[in-house]
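Inspection log for the structure reproduced underneath, given as structure tokens.
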Amino acid sequence: MPWPPATAPPQCLVPVSEAEMGSITRSGIPPPLAAAGPSAPCLTSAPRSPPVGNYFPCGPAGEGRGLCDGPSVVAEHDRWTVYSSKVNLPAALNDPRLAKRESDFFTKTWGLDFAETEVMPSFYLPNITREHFGPYLQETAQREKIHERCKTICPNKDDVDAVSSITTNHDKSRAELEQVPKIFLKPDFALEDPATFNAVLPWSHFNSAGGKSSRDVASSKLLQEKLSHYLDVVEVSIARQISLRSEAFFHAMSSQHELQDQLQETQRAVAVLRGRTADMDRIMCQGPLRALRTALARNNCVKLHNKLKLMAAVHQTQPTVQLLLSTSEFVGALELIATTKEVLQQELQGIHSFRHLGSQLCELEKLIDKMMVEDFSMYARSDLSRCLRDEPQVLEKERLESLVFGLLRQRKLDFLDIYSDEMIMAAKAIVAQAVAESVLHIEEIDTEVVTKLADQMRLMTFPQWFEVLKNVFESFLLFLQRIKATLSVIGNVVLEVLDSNQKNRLLEEAGSGASGQESSQGSSLLQGEAELAYLTHEGLFISDALNEAQQQQQAAAQDQSSAVGSRVQQGRAEAAGCDSASESFVGRDQNFISSENMMPTELEMNRVINNSQELLYTASDVSHDRCVKVLTARAKDGSLERLNSAEFVCLSQAVEAFVRDTEELCGRRSVSLRGALQSQANRFVHRFHEERKTKLSLLLDNERWKQAEVPAEFQDLVNSIADGRITLPERKTPGPEDRKPTEFLLVNGQKYAVVGTVLLLIRMFLEYCHCVNDIPSIATDMLTRLSDLLKHFNSRSCQLVLGAGALQVVGLKTITTKNLALASRCLQLVVHYIPIIRAHFETKLQPKQFSVLRHFDHITKDYNDHIAEISAKLVAIMDSLFEKVLSKYEVKAPMPSACFRNVCKQMAKMHEAIYELLPEEQTQMLFLRINASFKMHLKRQLARLGVVNDGGPQHGLVVVDVAFYTENVQALRSLERLDLNMAEIWEQKR
């Protein structure tokens, strides 16, 4: 049922109860409509939506009747009840025709508090549950099943007819199309394909042996009829499809006719527009264009006159340039050439008479470039070859500035390379001159026989050569000062040009912005005035007003062309009147900077500044390299390695002073001279070390490992070390008041019994420390060599004493315990001084060089291991004695036994040998270890003999021997309180 339009009054709906609705649905009978009179109340705010739920449209008043016992709208129209509603809320909220759900339905109508208000349940309404509908559902269940079965068995007649008709037609057409073979319906069907052709026309049926028979004729007719039938079936199907889409075909034809009509109208409109345009051209354009052509011809004549005047000015360029070159005014000549070339390219381009002038000016410019380069080279040569002590430092400053300006103007940015080459040649001459001046005062050197500088320097004595070296250092310092002053002038010129370029560029940018804005404003203003004149009928055409504006712009262009010609004239005038150097310099600066397109860029200027600084660094490096050659020429025959410490210290100090002065002057840390000095220092250190290592080896090979007396000078040396002076004291001449040698060396209150080699070793490592004080740069190398010396002493003494090498080297009969104890004490003395040496070297090293100090840790460990091996050797001597003597021990009278008497005797000899050599603590520790060895062998022998501490006779005899041993050992000096713990000789009872 269609819904009424929006203008129609809303229909009212009567409610139908759920019981009535169920009965109506089950029976399939539409419910009767209840009537509502005109006075029936309706909700004005209810939306117009189709009836949903249990409400149906009502007919005219009085035509309906109620289907249940509920209240009637007709009977109770005076009082409104809930049954008077025309649409229920579920119908309004669940309207399927709405585009989207209106979530704000309640809040939009009744306020924000409506949706969130909690409504209290009514106390008058009972709580209806499913049990209330139980009797009704039981009563109608059987009838509902019958109704559903009837609907399934007997469908609607109209629906069945429509569906059957469509299905029948579709099935019929489908069956007819299926008669057509599938090969005709394939998208790749092509009769030119032999396989397809043979499949469609099977000629094998018609090729009989005897020719065409009646049967073949019948077969061909049958095939023809079959193909005709297929064609008819397809045509019928196509016709059916066309009939179904006939409306679309008719619509396309009608659209085509409408398009033809629109094209004809457009053609007529275009013809009218063209006619009107032709009239406008004839009336409004031809006359003004004739006037414009006349004005343009006049302007061309004016331009031609200006060109001729400009050509006359350019024709005088070459004589003017020759005049400027005759006075060495390179910058003025270059500026005039640049201006002329600019005029030729911009204003006189294509003039046949000037076709060769551009190339001539380029050749002339190249000639000027060569002249400036040669002039600069001559200047650099004369400046660097003059006496270094002459004043001023910068020769002809104005000439230098002029040359630099010209070279920059021509982008000859490699002029610093020329200066660099001259600088290298001058540096070589400095060394040759210094050597030649010194050789003149040395009669022993014949310059006619000895011609090479290196040979002459090697023939000099060290003081003579050292004087030459100091003169070379002084000359190179003056040389670097002169180069720095010259490069400073060049840098100032570059900075001045750079600053002027930046200022001019800013001014040009500001001027171009203002002129562009002014011209645009002027043109727009002129055009606006012309348009205004046309609109107020002051002129006939707008083109007349625009023509006046164009003439004004052409006049401005002519003024600019004449200004270019005046620039050429101005250049000629400047060339004719440049007599003063200062005036020409100012003119060059201004004109030179004005041609910004010829100037180097800001990046190139900065590169020149950087190159000048690099050139100063190069000068420093070249000076150092020449000094290195002086140093290496002298050291070629090894004479520098044979210097004593004082002479080498003087050489090192002179080199360090020169390097420091050049670093302050040039700001460059050159490493070549320091490296050469370091190389010589390494050779000096190598010779220094080899001499002392050889001396130490000779001392050790002649050492008999007997205690030596300590001269007083060595005691004084040790005392100075204790006072913190790690240096060699001056040797005193012996006198009658000198002290006598002592038996021991006193170090911090401890007595050290030493051999003579160790005393000389102490003096040797002090010589190493003293050399490092004089030459700090060789600290790491000297530390490595000193560690090698200490390792050599340790390893060689181990070979001679522990390895018994002294038996063959010096002819000792045997290595006694006294020899071992004395070697151990000597090693302990060296270990005592290793931390002192380490602390001294640590003050001479850089923090990043502290890793080399680990050599001292390794040396200390090696020495301590050697000392421990000597102690183990002493214990091993007594251990072998105990094993030999106690293996023959028997528990029998008389007591004390001969075995124990022999053991005590050997213990006393051992104590006598080492007591004076080793300190008391070491002696006690050594005898504790010897006692432990004795107890182990005694315990083993008693177990072998079966003697136990059971209080028997044998046990008593062993106790007497042990008491004798304990008494003798504790009677030795410094062993009185030694805990021997002799109870450990007995096996523990289980």
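Treating r as the C-beta distance of residue 632 and residue 609 and R0 as 51 Å, the FRET efficiency rounds to 0.90.
Each residue of segment 682-697 was assigned a 3J(HN,Hα) from its phi angle through the Karplus expression (A = 6.51, B = -1.76, C = 1.60, θ = phi - 60°), giving 5, 5, 4, 5, 4, 5, 4, 6, 5, 4, 6, 5, 5, 4, 5, 5 Hz with x at Gly and Pro. Distance between the pseudo-spin-label points of residue 185 and residue 142 (7 Å out from Cα toward the beta carbon): 5.6 nm.
Straightening the chain between residue 912 and residue 130 buys 269.1 nm, computed as 0.36 nm per residue apart minus the Cα-Cα spacing. Residue ranges 750-763, 173-186, 632-645, 605-618 sort as 750-763, 605-618, 632-645, 173-186 when ordered by packing (mean number of other C-beta atoms within 10 Å per residue, highest first). Between residue 346 and residue 959, residue separation times 0.36 nm minus the direct Cα-Cα distance comes to 207.5 nm. Solvent exposure of segment 365-436, expressed per residue, is 47 Å² of accessible area, with all protein chains present and a 1.4 angstrom probe.
Let's test the formula: R0 of 45 Å, r as the Cβ-Cβ distance of residue 876 and residue 646. What FRET efficiency results, to the nearest 0.05? With a Förster radius of 45 Å, E is 0.35. Between residue 809 and residue 241, the distance separating the two model label sites (each 7 Å from Cα on the Cα→Cβ line) works out to 12.0 nm. Indicate the gyration tensor shape class of segment 416-509 (rounded, prolate or oblate), computed on the Cα atoms with a ≥ b ≥ c the square roots of the eigenvalues: a/c under 1.5 is rounded; otherwise a/b larger than b/c is prolate and the rest oblate. Because a/c hits 1.5 or more and a/b exceeds b/c, segment 416-509 counts as prolate. One decimal place: the segment residue 414-residue 222 gains 58.6 nm when fully extended, by the rule 0.36 nm per residue minus the C-alpha distance. Is the C-alpha gyration tensor of segment 951-990 telling us rounded, prolate or oblate? Criteria: a/c under 1.5 is rounded; beyond that, a/b larger than b/c is prolate, otherwise oblate. Oblate shape, in that a/c is at least 1.5 and b/c is the bigger or equal ratio.
The listed peptides 932-943, 404-415, ordered by packing as a protection proxy, come out as 404-415, 932-943 (highest mean of other Cβ atoms within 10 Å first).
Listed values for segment 777-783 are Karplus-derived 3J(HN,Hα) couplings in whole Hz (6.51 cos²θ - 1.76 cosθ + 1.60, θ = phi - 60°), namely 5, 9, 4, 5, 5, 5, 5, and x replaces Gly and Pro.
For the peptides 806-819, 257-270, 944-957, 871-884, the ranking by packing is 871-884, 806-819, 944-957, 257-270, with the highest mean count of neighbouring Cβ atoms within 10 Å listed first.
Remark: spin-label model distance residue 174-residue 679 equals 10.5 nm, labels positioned 7 Å along the Cα→Cβ axis. In straight-distance terms, cross-link reach from residue 182 covers every one of the lysines whose alpha-carbon lies under 19 Å from its own, apart from those fewer than eight places away in the same chain; here that gives 172, 226.
Computed from the C-beta positions of residue 669 and residue 382, the FRET efficiency with R₀ = 41 Å rounds to 0.85. Paramagnetic label reach from residue 442 (point 7 Å along Cα→Cβ; backbone nitrogen cut-off under 11 Å): within segment 607-648, residues 634.
The values are calculated or read from the model by the stated rules, or taken from the named source; none is laboratory data. Only a predicted model underlies this, so the values are computations on that prediction, with no experimental measurement involved. As a convention, Cβ positions derive from the backbone with ideal geometry for all residues, glycine included, and neighbour counts pool all protein chains shown. Surface accessibility is based on the protein's heavy atoms, side chains included, excluding ligands, DNA and RNA. Shrake-Rupley method; radii C 1.70, N 1.55, O 1.52, S 1.80 Å.
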